[in-house]
2 protein chains.
Amino acid sequence: MPTSTRFAVAVHILTGLAVSEGKPLRSEDLAWSANTGAVVIRGLLSRLSDAGLTRSQLGAGGGSLLAKPAKKIRLLDVYAAVEDTELFSLHRTPPCESCAVGGNIIAAIQPALDRARKALEAELAKTTVADVAAEVARLGKFSIPLAW
Amino acid sequence: MPTSTRFAVAVHILTGLAVSEGKPLRSEDLAWSANTGAVVIRGLLSRLSDAGLTRSQLGAGGGSLLAKPAKKIRLLDVYAAVEDTELFSLHRTPPCESCAVGGNIIAAIQPALDRARKALEAELAKTTVADVAAEVARLGKFSIPLAW
DNA sequence: AAAGTGTGTAATAGTGATGATTACACACAA
DNA sequence: TTGTGTGTAATCATCACTATTACACACTTT
């Protein structure tokens, strides 16, 4: 599974915006923190904005902001906003229709996979960006304080 | 987050062996049912065998068999046997160490991701290959009966 | 013992998603 | 008006995954 890093970076972005407390952050600032390119950040911000999680201020002194309180943004919302492939991939080519197993295997395992996916999502719904930001702040106290 | 198709095909294989009831199935038979190549099947069987889920009989009339009752093989066991990447990928390049957010984000989100992963795994542990085989048999009753 | 069958693994190639990067039009603030 | 920053398109390289070919080896059957 080449899995994407988008989810982790998106949480990173939102956490950054949360600790920024109303001051807009430029994509370049976020890119520096996440150690990636500014365009990658803007691509993610585009998805997050579509999902109603962030908004942007254009022009000088602009940047991105949270569109709603960090406490209202669940990791599940972030996950849904930036991941676009199914959690479980099925057969690349559909199995043999005329086989006893091949013809029914998809329908037979789908319910179990759905339950697993829902369990994952339910757990991701329990944590908010505010929780992550608080944890970052707590951990930061044990590090040498450094400016952004 | 996307998984490879290995998990789905591996469940397919094991379900096939379960309904075969002790009669060895060749990798070519399984490949035909799963609509893929026999070498792909053998690669999966190699992993499943390492995990103690299947065993092989060499020579004429040989093939693969379940190494333990289908009721004892959980989807979680299959998942663990054939998937080798982490469910959640983190940053491709480590984030900025000297940032308040970048330096702690990994540690801050890891617990939440672990909880989500465990929830998924717990759910996958509830279903066995025997359950899937029974479901395939049940669904088969509503289809036109066809030979293997 | 010989012949044939099927597994196990290496090697190679094609495919698709991902992330990095360049480029540029546009909107807004100062 | 000028400068700043966003938004998006277009490439490009990389990597995992699957398909496929090839072949050595083990075992069963005769």
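The values are calculated or read from the model by the stated rules, or taken from the named source; none is laboratory data. Nothing here was measured: the structure is a model prediction, and the numbers come from that model. Positions of Cβ are backbone-derived with ideal geometry, glycine not excepted, and every protein chain shown enters the neighbour counts. Calculation scope for accessible area: heavy atoms of the full protein, side chains included, ligands and nucleic acids excluded. Shrake-Rupley method; radii C 1.70, N 1.55, O 1.52, S 1.80 Å.
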Margin query: Rolling a 1.4 Å sphere over the protein heavy atoms, what is the accessible area per residue of chain B, to the nearest Å²?
Written below: 49 Å²
Notebook entry, point to check: Listed highest first by mean packing, meaning other Cβ atoms within 10 Å per residue, what order do A:48-60, B:39-51 come in?
Noted result: B:39-51, A:48-60
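Just checking the output field for B:4-14: average partner chain Cβ neighbours within 10 Å of each residue's Cβ? Don't skip to the end; give the middle numbers.
Details: counts 6, 7, 2, 6, 10, 6, 0, 6, 10, 2, 1.
Partner-chain Cβ atoms within 10 Å, mean over residues of B:4-14: 5.
Carbon-plus-sulfur fraction of the accessible area of the protein assembly as shown, 1.4 Å probe, in percent? It would help to have the intermediate numbers written out before the result.
Numbers: 7980 of 14550 Å².
Heavy-atom surface of the protein assembly as shown belonging to carbon and sulfur, 1.4 Å probe: 55 percent.
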Check: In degrees from 0 to 90, rounded to the nearest 10, what is the angle of the helix B:129-140 Cα long axis to the longest principal axis of chain B?
Finding: 60 degrees
Next item on the list: Could I have the simple spin-label model distance between A:Gln57 and B:Glu21, label points 7 Å from Cα toward Cβ, reported in nm to one decimal?
Entry: 7.3 nm
Note to self: If you take the accessible area of B alone plus A alone and subtract the pair, what total do you get in square angstrom, rounded to 100, with a 1.4 Å probe?
What the structure shows: 5000 Å²
Check: Counting alpha carbon pairs within less than 8 Å and at least 6 residues apart, what relative contact order, in whole percent, applies to chain A?
Finding: 27 percent
Note to self: Between 0 and 90 degrees, rounded to the nearest ten: what's the tilt of helix B:105-124 against the longest Cα principal axis of chain B?
What the structure shows: 20 degrees
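Determine the shielding of peptide B:55-65 by partner chains: average, over its residues, the number of Cβ atoms on other chains within 10 angstrom of each Cβ.
On the way: counts 0, 0, 0, 0, 0, 0, 0, 0, 0, 0, 0.
Counting Cβ atoms of other protein chains within 10 Å of each residue's Cβ and averaging gives 0.
Using mean Cβ contacts within 10 Å as the protection proxy, how do B:6-14, A:72-80, B:128-136 order, highest first?
Details: B:6-14: 26.1, A:72-80: 20.8, B:128-136: 22.3.
Descending mean neighbour count gives B:6-14, B:128-136, A:72-80.
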Margin query: Rounding to the nearest 10 and keeping the result within 0 to 90°, find how far the Cα-based axis of helix A:6-20 lies from the longest principal axis of chain A.
Written below: 30 degrees
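Above 29 Å lies some portion of the pair distances; for chain B, what is it as a whole percent of all C-alpha pairs? Before the final figure, lay out the partial values.
Working: 3315 of 10878 pairs.
Taking all Cα-Cα pairs of chain B, the fraction more than 29 Å apart is 30 percent.
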Next item on the list: Would you mind giving the mean number of other chain beta-carbons within 10 Å of the Cβ of each residue in B:118-128, as a whole number?
Entry: 5
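Cα-Cα pairs above 31 Å in the protein assembly as shown: how many percent? Can you show the working numbers first?
Working: 17877 of 43660 pairs.
Summing the P(r) of the protein assembly as shown above 31 Å gives 41 percent of all pairs.
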Check: When the Cα centres of segment B:49-98 and segment A:94-115 are compared, how far apart do they sit, in Å?
Finding: 19 Å
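When the Kirkwood hydrodynamic radius is evaluated over all pairs of different C-alpha atoms of segment A:66-148, what value in angstrom, to one decimal, is obtained? Can you show the working numbers first?
On the way: mean 1/r = 0.0613 Å⁻¹.
Computed over segment A:66-148, the radius equals 16.3 Å.
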